């Protein structure tokens, strides 16, 4: 009995020490695919789930509660041949905020240029030196992007090694004539431009803003509301610095797609003396959300 308990504890603590980086939920929408057994999509979901959650993406040690919360929703729109599929990826990730039950959105995007082949019961294994399949490259690319963006919120620019891994996946995938979304001329908002922005010096102010916004802003907001809000304001002016250099870039779109609702709430719930100026600045750099920036002014707050 004693030996059994010791064995259980050994396995338990081993799992604790070697928990992987991602806690990724996977959903496959295959209603538009007709004439194919539903079992293949059940199998596809399980294989992708295991790949995302069981691959060791970094050399760092994560405890189970530190795993990054993320979602991958694959919406299949058509089948090409026996094993080919077209569709979209919806990718989301979030980060817990200190001393709250709130998870802040970090990444929220729809990749509408997805093509891959999948054979039932095939094994997915990541090889950083080669593009072995478009499905593996897609999943690995987003795994490293999610991890890199998460690191940037905890320490300034610390996501760099993982963005470089994502860039290597892009370079390898460009050799595949059937794959799309990996090349600069295939669109303004694609995987190539995402990593180009993340690694470009023009966007270091925005990436530094990710740290200030989360670690020095949201993480202290419950205990030091005014100080936290001031740091978030400073972060948004850093985002403006990047916007002034590259207006309309993909990384700006990604930032506001993830953050617009949250920013609106932060300022609607609290008082700042320069809220009008801030709203005008946000309208300038993110006109797509003008209605949200104007709504911040409806509740000016009180001291």
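Rounded, prolate or oblate, given the Cα gyration tensor of the range 205-303, with a/c below 1.5 counting as rounded? Since a/c reaches 1.5 but b/c is at least a/b, the shape of the range 205-303 is classed as oblate.
What do you get for the angle between helix 134-154 and the principal long axis of the chain? Use alpha-carbon atoms, 0 to 90 degrees, nearest ten. That helix lies at roughly 30 degrees to the long axis. For the residues 272, 170, 48, a GNM of the chain with alpha-carbon springs under 10 Å puts the largest fluctuation on 272. Subtracting the Cα-Cα distance of residue 45 and residue 276 from 0.36 nm times their residue separation leaves 78.5 nm of extension gain. Shape class of the range 149-207 from the Cα gyration tensor (axes a ≥ b ≥ c, square roots of the eigenvalues): prolate, since a/c reaches 1.5 or more and a/b is larger than b/c.
Spin-label model, residue 222 to residue 201: label points 7 Å out along the Cα-to-beta-carbon direction sit 4.1 nm apart.
Extension gain for residue 178-residue 268 works out to 27.7 nm (0.36 nm per residue, less the C-alpha to C-alpha distance).
The mean sequence separation of alpha-carbon pairs under 8 Å and at least six residues apart, normalised by the residue count of the range 156-235, gives a relative contact order of 24 percent. Estimated purely from DSSP H runs of n ≥ 4, each contributing -39500 (n - 2.57), the mean residue ellipticity at 222 nm for the chain is -15000 deg cm²/dmol once divided by its residues.
FRET efficiency for the pair residue 130 and residue 37, taken as 1/(1 + (r/R0)^6) with r the Cβ-Cβ distance and R0 = 35 Å, rounds to 0.70. Placing a label point 7 Å from the Cα of residue 86 along the Cα-to-Cβ direction, the residues of the range 103-129 whose backbone N falls under 18 Å of that point are 111-118. Each part reduced to its alpha carbon centroid, the range 91-126 and the range 240-255 end up 22 Å apart. For the chain, the antiparallel share of DSSP beta bridges with both residues in that region comes to about 75%. Shape call for the range 158-242 from the C-alpha gyration tensor, a ≥ b ≥ c root eigenvalues: rounded (a/c under 1.5), prolate (a/b greater than b/c) or oblate? Since a/c reaches 1.5 and a/b is larger than b/c, the shape of the range 158-242 is classed as prolate. In degrees between 0 and 90, to the nearest 10, how far off the longest principal axis of the chain does helix 250-268 point, with axes built from Cα atoms? Taking the Cα atoms of the chain, the angle to 250-268 is about 50 degrees. Once you keep just the Cα pairs under 8 angstrom separated by 6 or more residues, what percentage relative contact order results for the chain? Result for the chain is 12 percent. Contact order, relative form, for the range 205-303: 24 percent (alpha carbon pairs under 8 Å, 6 or more residues apart, mean separation divided by residue count). Remark: 230, 286 ranked as 230, 286, counting other beta-carbon atoms within 10 Å and listing the fewest first. Against the chain, whose longest principal axis comes from its Cα atoms, helix 39-54 is set at around 60 degrees.
Computed from the coordinates by the stated procedures, all read-outs in this text should not be read as laboratory data. A quick note: this is a predicted structure, and the numbers were derived from the prediction, not measured. Here the Cβ is made from the backbone with ideal geometry for all residues, glycine too, and neighbour counts use every protein chain on show.
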